[in-house]
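**Student:** Mind having a look at this structure? Questions to follow.
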Amino acid sequence: AQTVTQSQPEMSVQEAETVTLSCTYDTSENNYYLFWYKQPPSRQMILVIRQEAYKQQNATENRFSVNFQKAAKSFSLKISDSQLGDTAMYFCAFHNAGNMLTFGGGTRLMVKP
Amino acid sequence: NAGVMQNPRHLVRRRGQEARLRCSPMKGHSHVYWYRQLPEEGLKFMVYLQKENIIDESGMPKERFSAEFPKEGPSILRIQQVVRGDSAAYFCASSPSSVNEQFFGPGTRLTVL
């Protein structure tokens, strides 16, 4: 079974600064997808970024980028130029061949003005 | 194209009652997933369905919980004889195929008194 670990329960960052959220996972599979989801107070799950395991290039989406280290089974999220609207819970998720998503426990990010 | 719809958004039940949660996937999506989120935790997979078939129910509790996705109409997650421990947010997600990203609904928050 896959496991996803987010070792930072809470983090804070000043507005306009950069913050990195950590995620590690454990799997014996070679082909899979990794995701970061954002869950604001509304509780809606919003996809932030995705990474295919077969791609060596790190995914980027505007201010969001990942550092994907396949050998180390690490998938961190970097948020640049943090904005107040980035305040939310962030969940790392693993998508395996069995189709289900396995989520980490989440990191609560607070962006301070 | 409307997103994934869930209703009700909030549901209050007394212990012993039944709870029915509905999920209408995005248009063109035939794969539906149910997840449960306990307070301060990540989402946990419950069940994966395609039209009229349960593909994977490895995350479903053995008793009181059932799910269906009929040929016509929404997917239903049914919880019989609810207990306080069933209080959680229940999220539905859909995808057009098993390898695509999953799009989440807004969730149903179930409170058991």
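**Student:** Hey, does the range A:47-59 have a residue that's basic (Lys, Arg), touching a residue at least 40 places away in the same chain (Cβ under 8 Å) and not in a strand (DSSP E or B)?
**Tutor:** Looking for residues that are basic (Lys, Arg), touching a residue at least 40 places away in the same chain (Cβ under 8 Å) and not in a strand (DSSP E or B), one finds none in the range A:47-59, hence no.
**Student:** If you don't mind, another one. Out of all the residues in the range A:66-85, is one or more within 14 Å of chain B (Cβ to nearest Cβ) and within 13 Å of the chain's Cα centre (by Cα)? Before you say what the answer is, go through the steps one by one.
**Tutor:** Initially, the range A:66-85 is screened for residues within 14 Å of chain B (Cβ to nearest Cβ), giving none.
No, there is no match, as no residue in the range A:66-85 is within 14 Å of chain B (Cβ to nearest Cβ) and within 13 Å of the chain's Cα centre (by Cα).
**Student:** For residues that are among the small types (Gly, Ala, Ser) and over 11 Å from the mean Cα position of the chain (by Cα), scanning just the range A:86-97, find the one that is least open to solvent (accessible area, probe 1.4 Å).
**Tutor:** It comes out as A:Ala88.
**Student:** Kindly list the number of the only condition in (1) in a strand (DSSP E or B); (2) more than 8 Å from every other protein chain (Cβ to nearest Cβ); (3) open to solvent by 80 Å² or more (accessible area, probe 1.4 Å); (4) of a type outside the set (A, V, I, L, M) that fails for B:Cys23.
**Tutor:** (3)
Yes/no per residue for (1) within 14 Å of the chain's Cα centre (by Cα); (2) more than 11 Å from every other protein chain (Cβ to nearest Cβ):
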| site | (1), (2) |
| --- | --- |
| A:Gln14 | no, yes |
| A:Tyr37 | yes, no |
| A:Gln57 | no, yes |
| A:Asn99 | no, no |
| A:Val111 | no, yes |
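**Student:** Taking the condition of being under 16 Å from B:Arg109 (Cβ atoms) and either of a type in the set (A, V, I, L, M, F, W, C) or at pLDDT below 95 (or both), how many residues in the range B:5-36 meet it?
**Tutor:** Summing the residues that are under 16 Å from B:Arg109 (Cβ atoms) and either of a type in the set (A, V, I, L, M, F, W, C) or at pLDDT below 95 (or both) in the range B:5-36 gives 7.
**Student:** Please determine, by comparing only the residues of the range B:35-58 that are touching a residue at least 24 places away in the same chain (Cβ under 8 Å) and open to solvent by less than 80 Å² (accessible area, probe 1.4 Å), which one is nearest to the other protein chains (Cβ to nearest Cβ).
**Tutor:** B:Leu43
**Student:** Moving on to the next point. Just for the range B:75-90: of the residues that are in contact (Cβ under 8 Å) with a residue 60 or more places away in the chain and assigned to a loop (DSSP other than H, G, I, E, B), which one is surrounded by the most Cβ atoms within 10 Å (Cβ to Cβ)?
**Tutor:** The initial filter retains those residues of the range B:75-90 that are in contact (Cβ under 8 Å) with a residue 60 or more places away in the chain, namely B:78-84, B:86, B:90.
This time we only want the ones that are assigned to a loop (DSSP other than H, G, I, E, B), so: B:80-83.
Values: B:Gln80: 13, B:Gln81: 13, B:Val82: 21, B:Val83: 12.
This residue is B:Val82.
**Student:** Only one residue in A:Phe75, A:Phe64 is in contact (Cβ under 8 Å) with a residue 24 or more places away in the chain and within 16 Å of A:Tyr25 (Cα to Cα). Which one? Quick ask: steps written out before the conclusion?
**Tutor:** Working: A:Phe64 fails: within 16 Å of A:Tyr25 (Cα to Cα).
The unique qualifying residue is A:Phe75.
**Student:** What do you reckon, is B:Pro96 open to solvent by 40 Å² or more (accessible area, probe 1.4 Å) and of a type outside the set (A, V, I, L, M, F, W, C)?
**Tutor:** Numbers: open to solvent by 40 Å² or more (accessible area, probe 1.4 Å): yes; of a type outside the set (A, V, I, L, M, F, W, C): yes.
Yes: the conditions hold for B:Pro96.
**Student:** Could you say whether any residue in the range A:24-35 is at pLDDT below 95, farther than 22 Å from B:Gly3 by Cα, surrounded by 12 or more Cβ atoms within 10 Å (Cβ to Cβ) and among the polar types (S, T, N, Q)?
**Tutor:** Yes: one or more hits.
The values are calculated or read from the model by the stated rules, or taken from the named source; none is laboratory data. From a predicted model like this one, the values you see are computed outputs, not experimental measurements. Note that we place each Cβ from the backbone using ideal geometry, even for glycine, and neighbour counts take in every protein chain shown. Surface accessibility is based on the protein's heavy atoms, side chains included, excluding ligands, DNA and RNA. Shrake-Rupley method; radii C 1.70, N 1.55, O 1.52, S 1.80 Å.
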